[in-house]
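**Q** I'd like to ask you about the structure that follows.
The values are calculated or read from the model by the stated rules, or taken from the named source; none is laboratory data. It should be emphasised that the depicted structure is a prediction, and the values quoted were computed from it without experimental measurement. Virtual Cβ from ideal backbone geometry, glycine too; neighbours counted across all protein chains shown.
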Amino acid sequence: MVKKLKKQYETPNRAWNQERMNKEAELSENYGLANKEEIYKAYSELRSLRRQARRLVSEPDSEEAKEVIQKVHRLGLVKSNAQLEDLLTLQVEDILNRRLQTAVHRRGLADTPKQARQLVVHGHVYIDGKRVNIPGYMLTQEEEKQIEVEEFEESEESEESEAEEVSEDEEETDTEAESEDEEEEEENNE
């Protein structure tokens with residue numbers, strides 16, 4: 001029997017809402033997201049955290065409440081001494097800031113969010129020595145310190161080929177200058 005996959009996000013109720021669409025476009029540009037699906041996943045994650053917090057606020061000294069706060073603290077979304085009410089103040093930007101793609105860009109390992117995404121997708125990013133190629137991977141605070149990007153070393157062959165191209169360009173300009181000199185001499189002789 002084949003297991004049916006569950007959708008990981010909820011889409012907006014109203015398809016056309018200009019204010020929401022503008023905000024999504026801004027988020028997509030700032031965080032280098034590939035499509036709206038990634039924004040919807042972040043909203044769904046935030047929504048589930050808020051639902052848990054609202055449900056657990058009414059239960060005093062719940063063990064589950066402590067576990068939720070520890071989980072959210074490990075992800076770096078709140079401080080260690082946070083309360084459940086602090087989970088209600090989280091924004092979607094907080095979730096998007098914990099993505100691997102954003103962390104690579106923020107640490108200066110890539111020039112743009114899109115370049116950071118490309119590095120991750122192409123498998124050049126390692127966390128604790130393990131390759132991670134999922135840009136939406138939610139980093140814990142410990143993992144964020146262990147991010148490494150594969151170094152690119154130019155081979156000697158590529159440097160030699162660049163040197164040959166430069167010398168060919170110099171030869172072409174030299175031959176062009178010689179042909180111009182010859183044309184001037186012919187004009188002077190006439």
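**Q** Please verify whether segment 8-17 includes one or more residues that are surrounded by 14 or more Cβ atoms within 10 Å (Cβ to Cβ), in contact with a helix residue (DSSP H, G or I) (Cβ under 6 Å, 6 or more places away or on another chain) and assigned by TED's automatic domain parsing to the domain that holds residue 126.
**A** So far as segment 8-17 goes, no, none of its residues is surrounded by 14 or more Cβ atoms within 10 Å (Cβ to Cβ), in contact with a helix residue (DSSP H, G or I) (Cβ under 6 Å, 6 or more places away or on another chain) and assigned by TED's automatic domain parsing to the domain that holds residue 126.
**Q** Among the residues of segment 96-122, which ones are of a type in the set (Val, Ile, Thr) and either part of a loop (DSSP other than H, G, I, E, B) or touching a strand residue (DSSP E or B) at 6+ places or on another chain (Cβ under 8 Å) (or both)? Step through it out loud before you land on a result.
**A** First, pick out the residues of segment 96-122 that are of a type in the set (Val, Ile, Thr): 102, 104, 112, 120-121.
Scanning segment 96-122 gives 104, 112.
**Q** Restricting attention to segment 53-90, report how many residues are on the phi < 0 side of the Ramachandran plot, outside any helix (DSSP H, G or I) and more than 18 Å from the chain's Cα centre (by Cα). I'd like the intermediate steps shown before the answer.
**A** The initial filter retains those residues of segment 53-90 that are on the phi < 0 side of the Ramachandran plot, namely 53-60, 62-75, 77-90.
The next check asks that each one be outside any helix (DSSP H, G or I); those that pass are 58-60, 62, 75, 77-83, 88-90.
With the extra rule that they be more than 18 Å from the chain's Cα centre (by Cα), the set shrinks to 58-60, 62, 78-83, 88-90.
Of the residues in that region, 13 qualify.
**Q** Now for a different question. For the condition among the polar types (S, T, N, Q), at pLDDT below 95 and over 22 Å from residue 117 (Cα atoms), what is the one hit in 52, 18, 8? Outline the logic, then answer.
**A** Values: 18 fails: at pLDDT below 95; 8 fails: over 22 Å from residue 117 (Cα atoms).
Exactly one of 52, 18, 8 is among the polar types (S, T, N, Q), at pLDDT below 95 and over 22 Å from residue 117 (Cα atoms), namely 52.
**Q** Also, quick follow-up: Please work out which residue is nearest to residue 102 (Cα to Cα), limiting yourself to segment 1-55 and to residues that are in contact (Cβ under 8 Å) with a residue 12 or more places away in the chain and of a type in the set (S, T, N, Q).
**A** Checked segment 1-55; the qualifying residue nearest to residue 102 (Cα to Cα) is 30.
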